[in-house]
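Notes follow once the structure below has been shown.
Derivation of every value follows stated rules applied to the coordinates shown; laboratory data play no part. If you're wondering where the values come from, they're calculated on a predicted model, not measured in any experiment. Positions of Cβ are generated from backbone atoms using ideal geometry, with glycine treated the same way; all protein chains shown enter the neighbour counts.
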Amino acid sequence: MTAVTRLDYLSIFPDYFQVLHLSLLGKAAEHGLVETHFWDLRRWTHDRHRTVDDTPCGGGAGMVMKPEPWGEAFDELLGTEPDPEIHVVVPTPSGYPFRQRDAEQLSTARRILFCCGRYEGIDHRVLEYLRTRWTLHELSLGDYVLNGGEVAALAITEAVVRLIPGVIGNPESLTEESYSPGQEGLLEYPNYTRPVSWRGLEVPEVLMSGHHGRIAQWRHDQSVEITGSRRPDLL
Ligand code: 6GU
């Protein structure tokens, strides 16, 4: 039995995370593999308007999330003692690219706190504070802008939780997919099932041949071709 992974989500829109009760992640929670907690950052405000942002120092458009509510949330959720075993994920379009190897590393963590800010950003001192105490991951999903970190945190969660032992029924299904180690960095080949003929479209003959060597060769060739046309940077 593997130890339970604790996932915390800190956001001004905690309702975004209701979808985590569905599907794979809901099952993982039901089976006691993961434990989830959702927090409204405004819980750690003290003014009548429950203010979490302020105008940027130095001027400019948009608002910046003020540091105090984050600090008080960390005090309550993580304490103040440094502990590199605690991982903190901050989704941001200016983060390091999120890759399968990050998902693998995070899938071995006992505890992850996701800090979801709006895209104009969080006061930079909050990130400095996190970096000096816990293991900080500032991660971006790709070269486009989302309004906030919530949807990115959900995507990262799904990539991580499915790698936790026991969450996926057949672990072999993890080894042949795109970006898995052992796939030489190639994208996955196309998949088919029955019927062999469907609306005039046929399953490639080689896949029905029963010849395992030729099937493996065909799949590898397809992977190389697809990777070359869609993601030449991976070759
Ligand atoms: Cl992680 N956050 C936001 N706000 N936008 C993004 C992103 C993350 N990744 C791509 N765009």
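When 1/r is averaged over all different Cα pairs and the result inverted, which Kirkwood radius in Å belongs to the range 38-106? Mind dumping the intermediate values first?
Numbers: mean 1/r = 0.0676 Å⁻¹.
Value: 14.8 Å, from the Cα pair sum.
In the elastic network of the chain, a GNM with C-alpha springs shorter than 10 Å, the most mobile of GLY121, GLY142, GLY185 is GLY185. Let me check I've understood the local charge: for VAL4, count other residues with C-beta under 9 angstrom from its C-beta, Lys and Arg +1, Asp and Glu -1. What total comes out? My count for the surroundings of VAL4 gives +1. Within the shell of other residues whose beta carbon sits under 12 angstrom from the beta carbon of LEU78, the net charge comes to -4, with Lys and Arg scored +1 and Asp and Glu -1. Within the listed set VAL167, VAL145, VAL64, the Gaussian network model of the chain (springs between alpha-carbon atoms below 10 Å) gives the highest mean-square fluctuation for VAL145.
May I ask for the distance between the Cα centers of the range 100-153 and the range 156-197, given as a whole number of Å? Their Cα centres are 24 Å away from one another.
Can you figure out the FRET efficiency of GLU184 with HIS31, using R₀ = 30 Å and their beta-carbon distance, to the nearest 0.05? Don't skip to the end; give the middle numbers.
Numbers: r = 33 Å, r/R0 = 1.11.
After rounding, the FRET efficiency stands at 0.35.
The orientation-averaged projected area of the convex hull spanned by the Cα atoms of the range 73-163 comes to 5.6 nm². DSSP bridge analysis restricted to the chain gives an antiparallel fraction near 15%, rounded to the nearest 5. Here the convex hull built on the C-alpha positions of the chain has a volume of 185 cubic angstrom per residue.
Using only the Cα atoms of the range 137-212, each taken as one equal point scatterer with no solvent, compute I(q) by the Debye sum, divide by I(0), and report log10 of the ratio at q = 0.22, 0.27 Å⁻¹. Listed by q, the Debye log ratios stand at -1.11, -1.25.
With the Cα gyration tensor of the range 1-123 in hand, convert its eigenvalues to equivalent ellipsoid semi-axes via √(5λ) and list them largest first in whole Å. Let's see the in-between values first.
On the way: eigenvalues 153, 56, 44 Å².
Calculated on Cα positions only, the semi-axes equal 28, 17, 15 Å.
What does the charge count around PRO93 come to, taking other residues whose C-beta lies under 14 Å from its C-beta (Lys +1, Arg +1, Asp -1, Glu -1)? Cβ neighbours under 14 Å give a net charge of -3.
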